[in-house]
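Following: one structure in structure tokens, then a few remarks.
Any read-out appearing in this document is the output of simple, stated calculations on the displayed coordinates, not a laboratory observation. The structure presented is a predicted model; accordingly, all values stated were derived computationally and were not measured. Here Cβ is always computed from backbone atoms with ideal geometry, including for glycine, and neighbour counts include all displayed protein chains.
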Amino acid sequence: MADKTQEALTKKQNGGHWKRSLDKEAENWKGVCKAWHSASSTSSAMVESLPNRDPCFLLYGSSVTPQCKLVLESCNKYYTVTIPDLVGATCIASKQGWLLIFRRRSMFFCPFSGAKINLPEFPHKVFHGGASFSSTPTSPDCVVCAVCETDEDGTKKTECWELRRNATVWTMRDTTNRSMTHMTYCVYHEDSFSFCNNEDYGVTFYIKHGSLSRPFRVYHTTELKPGVKYLPWKRHIVEMDRVKEVLGLAEELTVPTCETVLAGNDNRIIINIPGECESDCLKGVWIQPRFHQIVAEQRW
């Protein structure tokens, strides 16, 4: 990226909504129109979306500095952006331009606009598992589901936690003795959340019944057979090696990411790259660029 572009971005990012600091090239990429620039921060549920766009990659992870790096789609450059809300945080789900952020005080966060919705405190200080949400966090029927593994008194178990709109606390809905660490994805479909780990074992949480299914084996196939249940999702392949090259990262470096559900009619999903790391380590998240605005008084 040109030095002038880098300086322009860096100088203007301390004002809050760093989307205003993007130069002309980035604005063209985002499809910005006059209505975008004149939109009030108090607009209700306004969404400027970019249909048919591949996601961009956001590198973050420091517990000290708010500087992150954004790799634009199909570009051989990155932008340095300042996002204070990601300091010491971990993204555990990405969907429709919203990030589900885990900290002691979790929240939904849109990095393109700075919009955020604080969530009740999660019951555990450390999160090992997977999570997803049924719809945008501004929807009245939005449900957040998290499956995480705990190790108390030497006994490992997997807990399923649920958070509904207007709830002030998380509710533990069910447990299983099956280890479900190293989650690779969680998908919402027909009033249920299905979780799968890197060993191709899965469990499904049924919202209506408030319970987990028995663990099941997941098989990847393109042949549909009668009498077999299928999850209507397909994996979206991303060029992580190219991203590492753009960012100047070593090829052998593992950058933990969360899953990303891509908007559209083809049901694509980017699977999670599990990784054990401390709070201050490089992490990444794929996100589709959307500009969400919410009212200042928006509450969960």
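Close amide H partners of Ile273, meaning residues 5 or more places away or on another chain with modelled amide H under 5 Å apart, are Thr257, Cys258. How charged is the neighbourhood of Phe109? Take every other residue with its Cβ under 11 Å from the Cβ of Phe109, and add Lys/Arg as +1 and Asp/Glu as -1. Neighbourhood net charge equals +1. Its Kirkwood hydrodynamic radius, worked out from the mean inverse distance over all distinct Cα pairs, puts segment 146-300 at 18.0 Å. Computed over segment 46-177, the alpha-carbon pair-distance distribution with 10 angstrom bins reads 11, 38, 33, 15, 3, each value a whole percent.
Protection proxy ranking for 159-166, 187-194, using the average of other Cβ atoms within 10 Å per residue and placing the highest first: 159-166, 187-194. With the alpha-carbon atoms of segment 132-185 aligned to their principal axes, the span from lowest to highest coordinate is 39, 25, 12 Å, starting with the largest.
Between Ser62 and Gly88, the built amide H atoms are under 5 Å apart, and every one of these is 5 or more places off in sequence or on another chain. Peptides 287-299, 206-218, 145-157 ranked from most to least packed, by the mean per-residue count of other Cβ atoms within 10 Å: 287-299, 145-157, 206-218. Converting the Cα gyration tensor eigenvalues of segment 82-139 into ellipsoid dimensions via √(5λ) gives semi-axes, longest first, of 17, 14, 10 Å.
A straight chain from Ser139 to Glu121 at 0.36 nm per residue would run longer than the Cα-Cα distance by 4.4 nm. Taking each residue as 0.36 nm, the span from Ser62 to Lys156 lengthens on full extension beyond its C-alpha to C-alpha distance by 30.9 nm. Using C-alpha pairs under 8 Å with a sequence gap of at least 6, the mean separation divided by the residue count of segment 52-169 gives a relative contact order of 14 percent.
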